[in-house]
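> There's a structure below that I have some questions on.
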Amino acid sequence: MNILLIEINPFIPPSTPISIAYIAAFLRWHGFHVNIMNIGENTPFSLHLLSSYICDFKPGLVGFSTYQRNILSVIGLANYIKSSDPKIKIAIGGPQATFMPSSALQPMGSIDYICREEGETALLNIALAIRDGIDNTVISGSSCKCEDGLFYDGPSVEAYSDLDRYPSPYLHNDLIDFSNLEEAILFTSRGCPYGCVFCYTPNAFKRKVRFHSIERVIEEIEWIYRKGIKKFWFADPSFSINIDRIDRLMEEVLRKNLKIHIWLETRADLVNNELVKKMKAAGVYLVAYGLESASKKVLEGLKKNISLNDMRRAIKLTQKNGIDVELFTQYGLPHENFGDAMKTLQFLKDNDVKIRGNSNSQQMQVYFGTDVFNSCQEYGVRPLERDMPAYMSIGRQYETEYLSSDDLKKIRLIWEKESLDGVKRKVS
């Protein structure tokens, strides 16, 4: 059976479709023929091209990587694919799908499955069920819509604890087209043990962290390096969660004399002087830390378990070693007032963090699976829309107990005025 996986981000240039590439490699390993379609800003694309592709490739299953920002595009393309061939099954996965209510399958129309668990396992189970004619009501790791009009949630599945058991999305295959990419995205780990109330990741991964071996990561870096790619984006939520492990990774990059440039994200309490020095030597040019808010009371309410002093120390340490710093920040946070939001802007200025890239602040997005979404009243978040389709989370369509829509707009405009690059964020 042929499977088509689609990454669609029409508002940004194409980037490495790393998540669906992992899934594609896993499905190929199990005998399926899998292709990836990566649609970004300025990607040559039309419905006619899609129709021709579907006609030639003849997929039995199409999977979409789904976010709040692209869900309407996903539904539109799914409807178009179904109109051309109703026999094609369509699944969605990713951050928007994991905790989406099963009832969303009704208004989404052409979507047949929602992947609930780790993408590799969930989509494999769906593919096997389609190929082998297995009863939809017992597909592990997913929810489905059946001919009786009802929705069924399959049992949970256990993900691999050793990430090296998943085939590499890079090695020994042609899954990723590098012709239009300047940067490769890598994961050395998955998951997060922390409990930030605005973040979906801890709940999605049950507050566990799993790792690739250093050997696997180095092998992928070398393979990509030979393709002519020198820029690497390590997308781990907390890159240095195991400092000794990352120290060894940096040592290997240095030992192999790989002349690369690295962007990474980590926590301010997970770096020390020795590690930062080694990261600089290994090619790390920019580190992003999650500040969120510079108001002590707001920060404590986010359950990050990190202090402003931790943040100041990490910024100074990183800058002293010649590495640029970005700070992820948000406004519209629980129990934040206008003055609190301005403290965050002033914190960046006081610590010589340039307001560009990921240091451009953004309004908190209230997504499925976050504590804020699950208990929005407790957190003082008041949704503006009462009749949102079941597939849409609150997003940024809210006010708070202290900030009106006008206040949130005013804060956004203040940040935009301070931006040095026209609010061009890398990670959203």
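The values are calculated or read from the model by the stated rules, or taken from the named source; none is laboratory data. It should be emphasised that the depicted structure is a prediction, and the values quoted were computed from it without experimental measurement. Glycine also receives a Cβ, built like all others from the backbone with ideal geometry; neighbour counts cover every protein chain displayed.
> Go through segment 258-377 and tell me which helices (runs of 4 or more DSSP H), entirely inside it, have 3 or more residues that are over 23 Å from the mean Cα position of the chain (by Cα) and of a type in the set (A, V, I, L, M).
In segment 258-377, 273-282, 308-320, 338-350 are the helices (runs of 4 or more DSSP H) which contain 3 or more residues that are over 23 Å from the mean Cα position of the chain (by Cα) and of a type in the set (A, V, I, L, M).
> List the number of the failed condition for Ile246; all other conditions in (1) under 19 Å from the mean Cα position of the chain (by Cα); (2) buried (at least 17 other Cβ atoms within 10 Å of the Cβ) hold.
Only one criterion is unmet by Ile246, namely (1).
> Restricting to segment 1-17, count the residues that are among the hydrophobic types (A, V, I, L, M, F, W, C), within 21 Å of the chain's Cα centre (by Cα) and buried (at least 19 other Cβ atoms within 10 Å of the Cβ).
Matching residues across segment 1-17 total 4.
> Name the single residue that is surrounded by the most Cβ atoms within 10 Å (Cβ to Cβ) among those in segment 328-354 being touching an Asp or Glu at 6+ places or on another chain (Cβ under 9 Å), within 27 Å of Val276 (Cα to Cα) and not polar (S, T, N, Q). Write out each step before concluding.
Looking only at segment 328-354, we keep the residues that are touching an Asp or Glu at 6+ places or on another chain (Cβ under 9 Å), and these are 328-335, 337-338, 341, 344-345, 348-349, 353-354.
This time we only want the ones that are within 27 Å of Val276 (Cα to Cα), so: 328-330, 344-345, 348-349, 353-354.
With the extra rule that they be not polar (S, T, N, Q), the set shrinks to 328, 345, 348-349, 353-354.
Numbers: Phe328: 17, Leu345: 18, Leu348: 22, Lys349: 11, Val353: 19, Lys354: 16.
So the residue we want is Leu348.
> Return yes when Leu171 is more than 28 Å from Val325 (Cβ to Cβ) and in a loop (DSSP other than H, G, I, E, B) and no when it is not. Steps first, please.
Working: more than 28 Å from Val325 (Cβ to Cβ): yes; in a loop (DSSP other than H, G, I, E, B): yes.
It is true that Leu171 is more than 28 Å from Val325 (Cβ to Cβ) and in a loop (DSSP other than H, G, I, E, B).
> Now a separate question. Taking the criterion of being out of contact with any Cys (no Cβ under 8 Å at 6 or more places or on another chain) and not in a helix (DSSP H, G or I), would at least one residue in segment 74-83 satisfy it? Please lay out each step first, then the result.
If we filter segment 74-83 for residues that are out of contact with any Cys (no Cβ under 8 Å at 6 or more places or on another chain), which is where we start, we get 74-83.
Right, trim to not in a helix (DSSP H, G or I) and you get none.
Checked against the condition, which is being out of contact with any Cys (no Cβ under 8 Å at 6 or more places or on another chain) and not in a helix (DSSP H, G or I), segment 74-83 yields no hits at all.
> Determine, yes or no, whether Lys426 is out of contact with any His (no Cβ under 6 Å at 6 or more places or on another chain), free of Cβ contacts under 8 Å to residues at least 24 places away in the same chain and either not in a loop (DSSP other than H, G, I, E, B) or not assigned by TED's automatic domain parsing to the domain that holds Glu300 (or both).
Considered against the rule, which asks whether it is out of contact with any His (no Cβ under 6 Å at 6 or more places or on another chain), free of Cβ contacts under 8 Å to residues at least 24 places away in the same chain and either not in a loop (DSSP other than H, G, I, E, B) or not assigned by TED's automatic domain parsing to the domain that holds Glu300 (or both), Lys426 comes out as no.
> Let me ask something additional. Only one of Tyr80, Tyr67, Tyr22 is in contact (Cβ under 8 Å) with a residue 60 or more places away in the chain and of a type in the set (Ser, Thr, Tyr). Can you tell me which? Lay out the reasoning, then the answer.
Details: Tyr80 fails: in contact (Cβ under 8 Å) with a residue 60 or more places away in the chain; Tyr67 fails: in contact (Cβ under 8 Å) with a residue 60 or more places away in the chain.
Just a single option satisfies the conditions, and that option is Tyr22.
> Let me ask another. Return yes when Ile224 is more than 18 Å from the chain's Cα centre (by Cα), modelled with pLDDT under 95 and either part of a loop (DSSP other than H, G, I, E, B) or buried (at least 16 other Cβ atoms within 10 Å of the Cβ) (or both) and no when it is not.
Numbers: more than 18 Å from the chain's Cα centre (by Cα): yes; modelled with pLDDT under 95: yes; either part of a loop (DSSP other than H, G, I, E, B) or buried (at least 16 other Cβ atoms within 10 Å of the Cβ) (or both): yes.
When the stated conditions are applied, Ile224 passes them.
> Kindly provide the set of residues from segment 3-30 that are of a type in the set (Gly, Ala, Ser) and assigned to a helix (DSSP H, G or I), ordered by number. Walk me through it before giving the result.
First, the residues of segment 3-30 that are of a type in the set (Gly, Ala, Ser): 15, 19, 21, 24-25.
Passing the criteria: Ser19, Ala21, Ala24, Ala25.
> Moving on. Could we say that Val253 is assigned to a helix (DSSP H, G or I), more than 19 Å from Asn358 (Cα to Cα) and touching a His at 6+ places or on another chain (Cβ under 7 Å) here?
On the way: assigned to a helix (DSSP H, G or I): yes; more than 19 Å from Asn358 (Cα to Cα): yes; touching a His at 6+ places or on another chain (Cβ under 7 Å): no.
In short, no.
> How about segment 303-316: which of its residues are buried (at least 19 other Cβ atoms within 10 Å of the Cβ) and more than 13 Å from Arg267 (Cβ to Cβ)?
Matches in segment 303-316: none.
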